[in-house]
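In what follows, a single structure is set out as structure tokens and then discussed.
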Protein chains: 2
Amino acid sequence: MHILIIGAAGMVGRKLAGRLAVDGQLGGKGVDVLTLADMVEAEAPAGFTGEVRKVALDISKPGEVEKLVAARPDVIFHLAAIVSGEAEADFEKGYAINLDGTRFLFEAIRLESAREPYKPRVVFSSSIAVFGAPFPEKIGDEFFTTPLTSYGTQKAMGELLLADYSRRGFFDGIGIRLPTICIRPGKPNKAASGFFSNILREPLAGQEAVLPVGEDVRHWHASPRSAVGFLLHAATMDLERLGWRRNLSMPGLSATVGEQIEALRRVAGDKAVKLIRHEPDPFIMKIVAGWSRDFDTSRAESLGFTAEKNFDEIIRVHVEDELGGKLPTYS
Amino acid sequence: MHILIIGAAGMVGRKLAGRLAVDGQLGGKGVDVLTLADMVEAEAPAGFTGEVRKVALDISKPGEVEKLVAARPDVIFHLAAIVSGEAEADFEKGYAINLDGTRFLFEAIRLESAREPYKPRVVFSSSIAVFGAPFPEKIGDEFFTTPLTSYGTQKAMGELLLADYSRRGFFDGIGIRLPTICIRPGKPNKAASGFFSNILREPLAGQEAVLPVGEDVRHWHASPRSAVGFLLHAATMDLERLGWRRNLSMPGLSATVGEQIEALRRVAGDKAVKLIRHEPDPFIMKIVAGWSRDFDTSRAESLGFTAEKNFDEIIRVHVEDELGGKLPTYS
């Protein structure tokens, strides 16, 4: 089969390609061709024996995404997006990539399917940013989407399009709202949510990290491994079970920063925890106060989606997948 | 002040223009200019002493709606839409008018406001079609939007855009979800919902009407006069009270067909009721079974929106506004 990943150079895209390369199959069918599309050329995953096609393109330009669809991939993972902060800073760019790019993709599939019968599986990575405060303590799938960012607005519009194009029979789509990914590999970044990963990843590498909020802050997490698991399950499950409600929030773990720290202590000891420097930042505290804290994801769970059940697991996944199973020697 | 109505040739647009002409003011400010825009040239309302500008245009064509916005109207009523049945039959046309047309309008305002400060009030007529079955018995404003038509999808996307453009400060917007309008003036039409009006309007004119469903069918109604009242209130109320949740369901009356018929009997007598012919139509019965039955509109009511409280009132409004206060003599 032929799998297309749009947004293949991003963190989740790379992990997904890596997993598909290792598995060599999806839902029991061998993967012959893996097309990796992004603004920049993506890296080919290690160990893949099939054909890798790399395509650098701008999905917001008319006529570009048609080239990907013309090859009639069986499964399309649409992960490409301008992230929240940038979509807020650059209004036009956010709408161009996140809304127009998504619509161009869906339109290209519709027109290809009109030319000659074609009905790929489309997996769209949405976001919990489709919800906006004030929230109930646990946000269920039936809660309304009133995003407080342009990014969340664009994702919510993508969800609506996906559901309508699926209902009309142009493709078989599912939109999954990913929790905040933790522990995000790589360097500390300036994103307001960065500290959730930084306070674990840096001490696990023997480095200091800054915690800008109080330990009572609660948020919604899943590991990168779980995110890839969601995408693979979404690509292979029977979508009839969803009816026409094709978008849903993925399972995750609701935990406080204090619970994250205690898990770090259990896995890596007091010396790791001592590397966290408390430096309250009122600006970040204010942003984070408006974020969702917990979700009711019983629908996704009943459909077979699974995530970590505690933060010790999330940390162990990171140690296995990013650190070769090894912790540093703390002095 | 200058008021622009887009969709001015439609039933609600004509009634709105007529009311503004009679009032001569909106929110205490005199109306100097009334711009009536639609695909076809709209009729000027009777009795208006200000300037009427008629513009025939296709809002789905790039560069068209900019001409309307360049005149910097103070209030913009955006009522233009391809209706449900046509948007379902013609996928491209529905998205062109209902989504692209709405976005072109909002973009034109954004770019005009960037050129020179400008922040009009934008009143968008949305629809209860943003909701899709299965529903709770009463649909509240916090229920999620999972439309089962392309029309409902386009309206839900328009709502999201309106909220984001308002939040970003490009205009001051409100989206109001109108109930099914009853009694719709004019001739019986083929719309699946037509019978709700037909079974009252036709007997009130001494004519026969066909009822294709059972008397236990419950639906959500408001008069054309209430619809105009919602639009005027939306155009003048303090929108700060909405926060960023700029879209809401309007009040209405949840009534069964049997209750409609009993109201007709009270207002016009048994002879009027005898003009209703029961001809069950399984096709229409099936469509109507998926429609919403009742809403919790306490939010809209607390913000000052009001509608009829019983069907006798809805019928009386029709007799006053459409029949000059007179009932026929039944033989």
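The values are calculated or read from the model by the stated rules, or taken from the named source; none is laboratory data. Quick caveat: nothing in here was measured; it's all calculated off a predicted structure. As a convention, Cβ positions derive from the backbone with ideal geometry for all residues, glycine included, and neighbour counts pool all protein chains shown.
Scanning region A:28-45 for residues that are loosely packed, with under 14 Cβ neighbours inside 10 Å and under 17 Å from A:LEU231 (Cβ atoms) yields A:GLY28, A:LYS29.
Looking at region B:250-272 only, could you name the residues that are surrounded by fewer than 18 Cβ atoms within 10 Å (Cβ to Cβ) and in a helix (DSSP H, G or I)? B:GLY258, B:GLU259, B:GLU262, B:ARG265, B:ARG266, B:ASP270, B:LYS271 - these are the residues of region B:250-272 that are surrounded by fewer than 18 Cβ atoms within 10 Å (Cβ to Cβ) and in a helix (DSSP H, G or I).
Considering (1) more than 7 Å from chain A (Cβ to nearest Cβ); (2) surrounded by fewer than 24 Cβ atoms within 10 Å (Cβ to Cβ); (3) over 18 Å from the mean Cα position of the chain (by Cα), the lone condition that B:PHE144 does not fulfil carries the number (1).
Taking the criterion of being under 19 Å from B:LEU327 (Cβ atoms) and within 15 Å of the chain's Cα centre (by Cα), the residues of region B:178-213 that qualify are B:CYS182, B:ILE183, B:ARG184, B:PRO185, B:SER197. Looking only at residues in region B:229-246 that are in contact with a helix residue (DSSP H, G or I) (Cβ under 6 Å, 6 or more places away or on another chain) and crowded, with 19+ Cβ neighbours inside 10 Å, the one that is nearest to the other protein chains (Cβ to nearest Cβ) is B:ARG246. Within region B:167-206, track down each residue that is hydroxyl-bearing (Ser, Thr, Tyr), surrounded by fewer than 22 Cβ atoms within 10 Å (Cβ to Cβ) and not in a strand (DSSP E or B). Within region B:167-206, just B:SER193 meets the criteria. B:THR102 passes every criterion in (1) touching a Gly at 6+ places or on another chain (Cβ under 9 Å); (2) in a loop (DSSP other than H, G, I, E, B) apart from (2).
If only residues of region A:87-121 that are of a type in the set (Asp, Glu) and surrounded by fewer than 15 Cβ atoms within 10 Å (Cβ to Cβ) are counted, the one that is nearest to the other protein chains (Cβ to nearest Cβ) is A:GLU92. Going by what's in this entry, would A:ALA191 be described as at pLDDT below 95, out of contact with any strand residue (DSSP E or B) (no Cβ under 9 Å at 6 or more places or on another chain) and more than 9 Å from chain B (Cβ to nearest Cβ)? Spelling it out, A:ALA191 is indeed at pLDDT below 95, out of contact with any strand residue (DSSP E or B) (no Cβ under 9 Å at 6 or more places or on another chain) and more than 9 Å from chain B (Cβ to nearest Cβ).
Kindly indicate whether any position in region A:84-102 is within 28 Å of B:PRO134 (Cβ to Cβ) and of a type in the set (A, V, I, L, M). There is no residue in region A:84-102 that is within 28 Å of B:PRO134 (Cβ to Cβ) and of a type in the set (A, V, I, L, M).
The set of residues from region A:273-331 being aliphatic (A, V, I, L, M) and not in a loop (DSSP other than H, G, I, E, B) comprises A:VAL273, A:ILE276, A:ILE284, A:MET285, A:ILE287, A:VAL288, A:ALA289, A:ALA300, A:ILE314, A:ILE315, A:VAL317, A:VAL319.
Within region A:148-163, the residues that satisfy the criterion of being facing chain B (nearest Cβ under 9 Å), at pLDDT 95 or above and in contact with a helix residue (DSSP H, G or I) (Cβ under 6 Å, 6 or more places away or on another chain) are A:SER150, A:GLY152, A:THR153, A:GLN154, A:ALA156, A:MET157, A:LEU160, A:LEU161. From the list A:LYS61, A:LYS54, A:LYS93, the lone residue that is at pLDDT 95 or above, among the basic types (Lys, Arg) and touching a Leu at 6+ places or on another chain (Cβ under 6 Å) is A:LYS54. Can you pull out the residues in region B:2-27 that are surrounded by 16 or more Cβ atoms within 10 Å (Cβ to Cβ), over 16 Å from the mean Cα position of the chain (by Cα) and either part of a loop (DSSP other than H, G, I, E, B) or not hydrophobic (A, V, I, L, M, F, W, C) (or both)? Listed by number, the list holds a single entry, B:HIS2.
Taking the conditions (1) buried (at least 20 other Cβ atoms within 10 Å of the Cβ); (2) out of contact with any Phe, Trp or Tyr (no Cβ under 8 Å at 6 or more places or on another chain); (3) within 12 Å of chain A (Cβ to nearest Cβ); (4) under 24 Å from B:ASP294 (Cα atoms) in turn, B:PRO134 satisfies each one other than (1). Of all residues in region B:142-156, those that are closer than 18 Å to B:ARG246 by Cα have Cβ atoms under 8 Å from Cβ atoms of residues that are of a type in the set (Asp, Glu), 6 or more apart or on another chain, in B:PHE143/A:GLU142; B:PHE144/A:ASP141; B:PHE144/A:GLU142; B:THR145/B:GLU159; B:THR153/A:ASP164. Restricting attention to region B:245-255, the residues that are under 19 Å from B:ARG316 (Cβ atoms) and of a type in the set (Ser, Thr, Tyr) add up to 1.
Scanning region A:46-57 for residues that are part of a loop (DSSP other than H, G, I, E, B) and surrounded by 13 or more Cβ atoms within 10 Å (Cβ to Cβ) yields A:PHE48, A:GLY50, A:LEU57. Of everything in region B:62-96, what is closer than 16 Å to A:ASP100 by Cα and in a helix (DSSP H, G or I)? Give them in sequence order. Those that are closer than 16 Å to A:ASP100 by Cα and in a helix (DSSP H, G or I): B:GLU92, B:TYR95, B:ALA96. Restricting attention to region A:289-331, which residues are of a type in the set (D, E, K, R) and closer than 21 Å to A:THR145 by Cβ? Matches in region A:289-331: A:ARG293, A:ASP294, A:ASP296, A:ARG299, A:GLU301.
Screening B:PHE283 with (1) at pLDDT below 95; (2) surrounded by 16 or more Cβ atoms within 10 Å (Cβ to Cβ); (3) not β-branched (Val, Ile, Thr) gives one miss only, at (2). Among the residues of region A:207-244, those that are in a strand (DSSP E or B) and closer than 17 Å to A:LYS15 by Cβ comprise A:HIS221, A:ALA222. Residues in region A:272-294 that are closer than 28 Å to A:VAL130 by Cα and either among the β-branched types (Val, Ile, Thr) or more than 21 Å from the chain's Cα centre (by Cα) (or both): 10 in all.
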